[in-house]
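Asks: Quick one: the structure is below, questions incoming.
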Amino acid sequence: MWGQANQSRGRRASSTALGVLAAVLLLLSVLALYANRVLFDSDQFANHVGAAVEKPAVKDEIGRRVTDGIVDQQPDLIAVHPVIEGVAAGVVGSGAFNDLLRAAVRDVHRAIFKRDKNTVTLTVADVGVVVGSALEQFAPKVAKRIRSRSTAPILDGEPPGWLLELARVAKDVEALAVILVVLAIVAAAGGLALAPDWRRQVSLLGISVAIGALVALIGYQLARSAVAGQASDPDTRAAVEAAWDTFLDGLQTALLIAAGAGVILAAATRAVVRPVRIERPVEEAWRRLTTVPERPAARVVRGAILVAVGVLIILNRDAAIELAVLAVGLYVLYKGVEELLRLIAPPAEAAPAPAAERAAGPDRRRLRVALGAAGVLFAGLVTAGVISTFNTTSRASPSLDECNGSARLCDVPLADAVLPAAHNAMSGADIPEYLFASQDHRISRQLDDGVRGLLIDTHYGIPADGGAVKTDLGKLTSAERREYVEEIGQEAFDAALRIRDRLVTGGDAGHQIYMCHRFCELGAVPLDEALGQIRDFVVSHRNQVLVIVNEDYVSAENFVAAVKKSGLDEYVYRGRIDGSSPTLGEMISSGRRVILMAENEAGAEPWYRDGYGDVLQETPYRFKQASELTDPRKLARTCEPNRGSSDNPLFLLNHWIDTSPAPKPSNAAEVNDYKTLLARAQECEKVRGQVANLIAVDFYATGDLFNVVEKLNGVSEPTP
C-alpha cells in the first residue's frame, strides 16, 4: 500500500515537473526564434531601426544628433544651429535618410555579431547631401557649406560587455530554438505518459504556459522601464521607449496570445468533464487577497507584495491597463469556449447517470471531439502568436511609393524594365571647353532630367597647365592609331594631337582617371567628380535604379578604388541578374540600386561586372545616315546581334547617328522623334525577343526619349 502510494506520488510529481518544463521550454523557444529573426539578423535589425526612425520621438532625437555631428565637423555653422536642427528633424525618417541609416546600422550590426569587434561607431555617411538638399530652399548658403560628404555620429563608444557575449552565441540561437521545441515536445509527452490523470496533465500544461507568459510580460514591462529610465533627458527617454516598442511589440503580442491560449486549454480540459464557473476561483482569489492574515509574518509579506504591486502600477500605468484589458479579454474568451464545450460535452450535472456510468466518464467520442477542438484552438492561438511575432519584420520594411517614377514598376524585373540612357554621357555641351559633345547637359543634369543609364568612357590622363588634360597614351601603336581614327574620325584625331603638342603637364601630379572620349585633350571630366555627383543623386533619390556601362581603358582595380573612394560602392547592387530578378522594388528596398559594368576588364570586386560577358547584349551602333533608323524597311537589320550573348539578360538598344567627330543635334531630333524611336524599339524587341532595357541616344533632351520609355514600360499613353 505505502509503496504504491509513494510510487503514485512520485509519478505525479514527475509528470508535474515535466509539464512545467515543457511550458518553459516552449516559451523559451519562442523567445529564441524571435531573437534570431529580429535581433540577430543584420538586415531585419536594420529594417526595424528604419521603422523606429519613423516614430516622432526617435526622429527628433536623431535629428538633434545629426545636427550636432554636422556642427562638430564645421564649427562655424554653430550660428545657424537652430536652422539646421529644424531641417534635420524633418529630413530624418525620410526615404533617403532612412536608407543611409539602415545601411550604417547593418554594417555596425555585422561588425559586432559576425566579427565580434570590441568598439562600435555608428555614423551615417552622406548625411550632408540629404540635409543640404533639404536646406537649399530655406538657407542656400548654409546648404552649400554642408553639401560636401559628411558623416553624422549616432552612437560612439564601447558596446556593453553583455552585448559582446551575446554576439558570440548569436549564431547558435537558431539551432537552440529548434532544440528547445524538440525538448518541449519530449517533456510534454513524458509528462503525459507518467501522469495518473492525463486530463489533469493537459490542464497543467495550459496553466504553466499561461503563467510563464504572464511572468514574461511582467518582466517585459520592468525591463522597458529600466532601459528607458537610464536616459535622464525626457526626449531621449521617449525615443528609447519608442524604439523598444518598435522592436519588441511583436514579442509582447505573442506572449499575450500565449497566455490566453494556455488559459483556454486549461479551462477547456476541465470543462470537458465538468464545466466550472470561472467566477468561483476569481472570487476565491479575491477573498484571500482582501483577507488580512492572522500571523504577523504573513501580514508583512502581504503588505510588501501590495506595496510592490502599487508602485509598479503607478510607474507603469500603461502596463497595468494592458494587464487589466488582458484579464477582461481572457474572461470573455473563456466564457465563449465554455459555452461551446457545454454543447459538445454536457456537464455531469445536466445528465444524471448511474455511479458506474459516472465513473466511466463522459462519452468517449464527445470527449475526443471536445479535446480535439480545444487542442486545435490552443495550437491555432499559439501559432497566431508566433506569426504576429515575426510579422513585425514586414512592418519594419520600407514601403515603396514608386520605383523609377511609377508604382507599377516596383514588381517588374530589371530585365523587363526600360531605362532611358545617354551615350557618351560624360560629354555634356554645357561643360566648358568640351569639344564634340554628344549630350545636351552634363551628368548631374542628365540624372535630374530622368536619364537612368550612363554609357561612359574612362582613360588615364595627366593634369596639364591651364586645367587641360593630356591623355596618358603610352606608346600608341599603328593598330591603336587606326582604332582611334575609326572611333572619333581623322579630324578629331589630328586636332587632339595638335592640342597635345601644345600642352605642358603640371609637374609631378601623375596620371589620374578621367572620363573622355578617346582623347582627354578634347574634353575631360575627373572620374571622382562625376562619381561624386552620381552618389549625391543616388543618396537624394532613394527610389531610382541606375545602370552604368564603362568603356574602360583603365584597370579594374583603379576604377573600383575610385568607386569606393566616392562612396558609391555602398549603393552598388551585389546580387544576381537574370530574367526574373531582381525587381526594381527589391533593388530599392535593399538600398543597392546601381549596376556597374565594364566593357573590357571587369573584376576587382564581384559587383564590377563583365558587361558583354555576363549581362548585356546589344545592337550595332555605327549608323551613318538617319534613314537607317527611320526607314521601316531597314529597321530589322538595325536590330541584329552585335556584342554580348543572346542569353545575357539585359538588352542595350544603341540609337544614334555616328557623324564623328561632331555629333549633330539635328540628327537626334530626327531619330529621337516619338514615332521613330518607338517603332525601332518595338521592332528590335520583336526581332530579339527581348525588352529593350537600355535605350541609349545622343542629345537625350532632344526628341521624345522619356515619352517612349514610359510607353514601353506601360506607364502612360503620351500623345506626341
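Asks: For Ile595, which sequence-distant residues (separation of 5 or more, or a different chain) have an amide H within less than 5 Å of its own amide H, given hydrogens modelled in the peptide plane?
Replies: Distant-sequence amide H within range of Ile595: Leu546, Val547, Ile548, Tyr573.
Asks: So if we plug the beta-carbon distance of Arg574 and Asp528 into 1/(1 + (r/R0)^6) with R0 = 25 Å, what FRET efficiency do we get, rounded to 0.05?
Replies: Once rounded, the FRET efficiency stands at 0.70.
Asks: Roughly how many percent of the accessible protein surface of the range 560-674 is carbon and sulfur, given a 1.4 Å probe and a whole-percent answer?
Replies: Accessible surface attributable to carbon and sulfur in the range 560-674 totals 47 percent.
Asks: Please work out the average accessible area per residue across the range 199-246, using the 1.4 Å probe convention, and give it in Å².
Replies: 46 Å²
Asks: Also, I was wondering about something else. Could you do me a favour and compute the accessible area per residue for the range 605-720, 1.4 Å probe, result in Å²?
Replies: 42 Å²
Asks: Let me ask you something else. In whole Hz and in residue order, list the ³J(HN,Hα) couplings for the range 605-613 that follow from phi through the Karplus curve 6.51 cos²θ - 1.76 cosθ + 1.60, θ = phi - 60°; x for Gly and Pro.
Replies: For the range 605-613, the Karplus-derived couplings read 9, x, 6, 8, 8, 7, x, 7, x Hz, x marking Gly and Pro.
Asks: Around Tyr700, which amide H atoms from residues at least 5 apart in sequence, or from another chain, sit under 5 Å from its own amide H, with H modelled in the peptide plane?
Replies: Asp440
Asks: For the residue pair Arg295 and Asp494, what label-to-label distance in nm results when each label sits 7 Å from Cα along the Cα-to-beta-carbon direction?
Replies: 11.5 nm
Asks: Check Leu419: other-chain or 5+ apart residues with amide H under 5 Å from its amide H, H built from backbone geometry?
Replies: Leu694, Ile695
Asks: State, to one decimal in nm, how far the label point of Ala193 lies from the label point of Asp245, with both points 7 Å from Cα in the Cβ direction.
Replies: Distance between the two pseudo-spin positions: 4.8 nm.
Asks: Report the accessible area of Val181, computed with a 1.4 Å probe over the heavy atoms of all protein chains in place, in Å² rounded to the nearest 10.
Replies: Surface open to solvent at Val181 totals about 50 Å².
The values are calculated or read from the model by the stated rules, or taken from the named source; none is laboratory data. Since we're looking at a predicted model, the values are computed, not measured. FYI the Cβ positions are ideal-geometry reconstructions off the backbone, even for glycines, and counts take in every protein chain you see. Remember, those area values only see protein heavy atoms, side chains included, never the ligands or the DNA or RNA. Shrake-Rupley method; radii C 1.70, N 1.55, O 1.52, S 1.80 Å.
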